């Protein structure tokens, strides 16, 4: 099984980012009324971008004619905690994404990963939490930066 960046997973990350951006950029929307959907969509985009950086293809059964019935594309890493996902990636992948992220955004990746690490779960299950706050601009920067970084990493390491 070969591990490479996955365009299939990356496209899903881009769609969650685009959905959040639609809300973020709407002139007639009060962002305070959409905090949790924004946090969840941006954070899920981050998660999927990181997972896209090391995709793997698992093949299903082969027909009697020698053709593949289907393929299964998945990430080499699991979970929702962004920092944990990042640290489970190969060192080469981590360094590549970190470098590409910093080049694309001018920001340091690790502090943003740490700050937003549990945003997906915390935002998705916000009713289970008492208090808490989110950096919408931070998670937005992280989401866009990771989309760009993973795309650049994929192009440079194909």
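FYI, it's all coordinate maths here, none of it is from the lab. Every value quoted in this text rests on a predicted model; they were computed, and no experiment measured them. Here the Cβ positions follow ideal geometry from the backbone for every residue, glycine too, while neighbour counts run over all protein chains shown.
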| How high is the FRET efficiency from residue 30 to residue 155, r the C-beta distance, R0 25 Å, rounded to 0.05? | 0.05
| request: Subtracting the Cα-Cα distance from 0.36 nm times the residue separation, let me have the gained length for residue 87 to residue 22 in nm, one decimal. | output: 20.3 nm
